[in-house]
């Protein structure tokens, strides 16, 4: 079997220009660099409705090892088509942002980066008075909840897609490996040696889409770095203990066959969060990558659930 041709973009090789593709999709988009308060250069993108004023702002956070320029784009493009102005940034060490690839030594500083960038968007005159929502996939879902804890009144709600509120036991290395790795990490935190299954295989169901995901030119292909894994364990353990304090409205969406993040933790979030406006959608047989890795029909089901939830909070319907 021949290897499939490389792609210029996640959608293929035509049109060659991103700008032409966005026009075909009926949206406008841009990309830029944002300098965070700590001086880190972060790559950002926006996707906006072309023919009407935006109905709301969606501030989006990608997952571990992902970025905002490849398959992640399919969701904000859809949201822009539905009338929502979407914004995202490559996190430290991811995509085209500054930092050692896949090394996140301090999630608290990443929260600072996101909080600052999203606030800079919300303060623009053209978006004044619009509802604003957080959107996070996997690790991005956990980051969204941590952003919420920074200012519990700053957002109108959150869309949490397979959130990594606690690292699944299916992904964690088994004893005594964590104890050994913790010791080694004190001296070599950037070492990429944490044993784990390939996340694309565990996330993406459709074989053709696995191929597309692996073609991402800035995808990190190494093993997880020691310092990153220990930091994610620290943060998700903390978050797991705080789920009952979540106050903002949210919808959490999770596949029953997710082998990367823990469905039971999403259930616990839904059951214990103190907010009254909360929803959960569990998709039988679906895996981790709900908005790309499933069949097109399944992706459409998840998209429509997200759109319905947004419509109920923004008024009116879209096409």
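The values are calculated or read from the model by the stated rules, or taken from the named source; none is laboratory data. Just so it is clear, the structure is predicted and the values come from calculations on it, not from any experiment. Glycine also receives a Cβ, built like all others from the backbone with ideal geometry; neighbour counts cover every protein chain displayed.
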*List the number of the failed condition for residue 65; all other conditions in (1) under 30 Å from residue 315 (Cα atoms); (2) crowded, with 21+ Cβ neighbours inside 10 Å; (3) in contact (Cβ under 8 Å) with a residue 40 or more places away in the chain hold.*
(1)
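Checking the conditions here, which among 30, 41 is touching a residue at least 12 places away in the same chain (Cβ under 8 Å) and under 19 Å from residue 78 (Cβ atoms)?
Working: 41 fails: under 19 Å from residue 78 (Cβ atoms).
That would be 30, the only listed residue that is touching a residue at least 12 places away in the same chain (Cβ under 8 Å) and under 19 Å from residue 78 (Cβ atoms).
Every residue in region 273-303 that is surrounded by 12 or more Cβ atoms within 10 Å (Cβ to Cβ) and not in a loop (DSSP other than H, G, I, E, B), please. Break it down into steps so the answer makes sense when it comes.
If we filter region 273-303 for residues that are surrounded by 12 or more Cβ atoms within 10 Å (Cβ to Cβ), which is where we start, we get 273, 275, 277-283, 286-295, 298-303.
Of everything in region 273-303, those that are surrounded by 12 or more Cβ atoms within 10 Å (Cβ to Cβ) and not in a loop (DSSP other than H, G, I, E, B) turn out to be 278, 279, 280, 281, 282, 283, 298, 299, 300, 301, 302, 303.
For residue 227, indicate whether it is part of a loop (DSSP other than H, G, I, E, B), over 16 Å from the mean Cα position of the chain (by Cα) and either buried (at least 19 other Cβ atoms within 10 Å of the Cβ) or in contact (Cβ under 8 Å) with a residue 60 or more places away in the chain (or both).
Details: part of a loop (DSSP other than H, G, I, E, B): no; over 16 Å from the mean Cα position of the chain (by Cα): yes; either buried (at least 19 other Cβ atoms within 10 Å of the Cβ) or in contact (Cβ under 8 Å) with a residue 60 or more places away in the chain (or both): yes.
When the stated conditions are applied, residue 227 does not pass them.
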*Are there any pairs with C-beta distances below 7 angstrom linking a residue in region 281-306 that is modelled with pLDDT under 95 to a residue that is surrounded by fewer than 20 Cβ atoms within 10 Å (Cβ to Cβ) and not in a helix (DSSP H, G or I), with the two at least 6 apart or on different chains, and if so which?*
none
*Do we find a residue being under 19 Å from the mean Cα position of the chain (by Cα), surrounded by fewer than 22 Cβ atoms within 10 Å (Cβ to Cβ) and modelled with pLDDT under 95 anywhere in region 239-261?*
yes
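Pick out, from region 8-122, the helices (runs of 4 or more DSSP H) lying fully within it that include 1 or more residues that are modelled with pLDDT of 95 or more and more than 24 Å from residue 291 (Cβ to Cβ). Walk me through how you get there before you give the answer.
Values: elements: 18-24, 74-81, 107-122.
By residue number, 107-122.
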